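Below is one structure, written out as structure tokens; the observations come after it.
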Amino acid sequence: MRTLTRRLLLPGLTALALAGTGCSAPAHTMAAGPESAATPSSSADGDQQLEVNAAPRPSAEPTPLARTRSGKGQPEKSSLKVASYDRASGRAVISTAPPSHTPGPSHSPAPGKPVDQPVAAGDVIASAPAPGAPDGLLAKVTEVVGRTDRGTEVKTASTTLASVLKDDRADGKVPVDPASVSVVPLMKGVTFSWAKSRGVRFGPRGAELPLGNLRLDVNAGIDTAEDAPASAAASVSGFVQLAPQVEFAYDGGKAGGPGPSSAFLGMSGDWSSRWALKGRAAASTGTPRRIPFAKLHSAPVIQVGPVPVVVSLDLTCYVQVEADGRVTLDVQQDVKGDFRVGGSYAAGKGWDPVSTAAVHSTPVNASVTAAGTVKSALGAEASVGLYGAVGVTADFAPYLRGEADAKAAAAADGKASAHASWAVHGGFDLDGRLDFHLSLFGTPVIEHRIPLGALHREWALAKGQAAG
């Protein structure tokens with residue numbers, strides 16, 4: 001089986017998601033468009049309400065960073081940029097971004113606007129992806145080593161969002177642009193499609209998709225039971241379609257100590273899928289067999305006021321089959337709904353998992369022959385975090401389960417009778433956890449992983465019986 005890597009590098013943000021159901025958190029209602037300006041509003045006590053937007057579309061120019069001078073005061077946009085970064089040593093080279101190449105008589109600073117001072121020890125910097133820092137950089141400058149021909153070389157140490165956002169507040173949702181997702185198919189028969197704003201579409205199904213959606217299709221054979229006839233060869237086919245958005249909230253209000261009083265990080269959006277399982281799958285031995293068919297990754301940048309916050313998104317789509325090798329199944333199901341998953345923090349209470357979903361299922365066709373059981377899932381294991389560190393992991397697996405039972409009886413008068421019944425069920429399983437890397441917000445370190453709590457729901461799709 002050959003691994004094919006496809007990198008889609010069109011402008012924009014990114015994608016991925018999952019789904020579930022459970023507890024809820026306070027609603028985050030400030031939706032921001034990708035072209036909005038990040039204009040903060042100040043309150044009487046000096047803190048600011050920062051807008052949450054999609055970061056400006058990437059260009060050939062290096063991305064300027066945001067910094068808090070000497071770790072004090074409000075975050076501000078800077079013309080400085082990260083020219084290079086070495087993760088092993090923590091050293092970075094900070095240089096001045098070249099002036100914008102817009103027509104005009106000169107590139108002189110506007111009257112009254114101060115020129116950026118070189119980076120200094122104590123500065124906190126936040127940068128979008130840069131050379132050596134593909135997931136962005138959030139760091140505190142601990143020492144200025146000296147000047148080089150590329151800029152100022154500095155030593156850095158890890159820090160938190162609280163050190164740059166301070167007492168400010170932010171709350172918003174940013175739609176994920178599917179055009180910048182990197183996709184690694186793990187088997188033959190996998191295709192990727194998306195549709196974005198301004199009518200730009202990609203892939204064999206791109207013309208059918210609503211704007212902002214991405215879709216993965218799979219059509220592949222799976223292990224067939226050894227004694228199954230050729231007509232019962234096992235296969236799985238279907239698609240997963242998502243329209244995800246990133247949710248981010250931060251409130252640096254007085255919490256009686258360092259760090260924010262509340263925070264939220266997660267994903268939400270619409271989800272739909274259709275898949276079919278046909279044939280007689282080989283018997284499972286031990287745990288159900290999981291077959292990954294595609295991996296997706298992106299690092300969307302959301303602009304929290306002047307601060308670029310890099311959200312790390314990863315998704316592995318898989319097929320999972322559990323069977324006894326006796327049942328021949330022919331079933332197809334549509335699943336649609338919406339989802340919201342993430343972590344919510346409140347000072348004094350800590351982190352709580354958040355997962356909600358509304359899922360609706362429709363059987364298209366279903367039949368089961370022979371006695372036995374089979375269960376197949378088309379699922380996704382997804383993670384979301386900050387600056388390359390995983391914070392929330394969830395595994396959402398809508399499934400189909402078929403079972404059949406055949407009974408025969410003989411009476412004393414020599415007459416025989418037979419009865420067979422079958423049923424097909426739909427459902428989903430949800431599991432996941434919150435990881436200690438959520439402490440990047442500046443909250444107390446999570447001492448152990450917090451489980452989302454396993455969730456299981458099932459409903460009847462179709463059934464039948466026959467007597468002879």
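Here are a few things to note about the model shown:
- Surface per residue (accessible, 1.4 Å probe) for segment 195-331, Å²: 38 Å²
- Within the accessible area of segment 301-395, the carbon and sulfur atoms contribute 49%, probe 1.4 Å, all protein chains present.
- Straight-distance crosslink candidates among aspartates and glutamates, where the alpha carbon sits under 18 Å from K295 and sequence neighbours closer than 8 are dropped: D135, D177, D217, D314, E381, D395
- Extended-chain gain in nm, criterion 0.36 nm per residue less alpha-carbon gap, L211 and V445: 80.3 nm
- In nm, spacing of pseudo-spin labels at S421 and K72 (7 Å Cα→C-beta vector): 7.8 nm
- Heavy-atom accessible area, probed at 1.4 angstrom with all protein chains present, ranks T152, T316 as T316, T152, highest first.
- Net charge of neighbours whose Cβ lies under 14 Å from the Cβ of K336, counting Lys and Arg as +1 and Asp and Glu as -1: -1
- Accessible surface, per residue, of segment 116-185 when the full set of protein chains is kept, probe 1.4 Å, Å²: 36 Å²
The values are calculated or read from the model by the stated rules, or taken from the named source; none is laboratory data. Predicted, not measured: the structure shown is a model, and the values here were computed from it. Quick reminder, even Gly has a Cβ in these numbers, built from the backbone with ideal geometry, and neighbours come from all protein chains shown. Heads up: the accessible areas ignore ligands, DNA and RNA and are worked out on the full protein's heavy atoms, side chains in. Shrake-Rupley method; radii C 1.70, N 1.55, O 1.52, S 1.80 Å.
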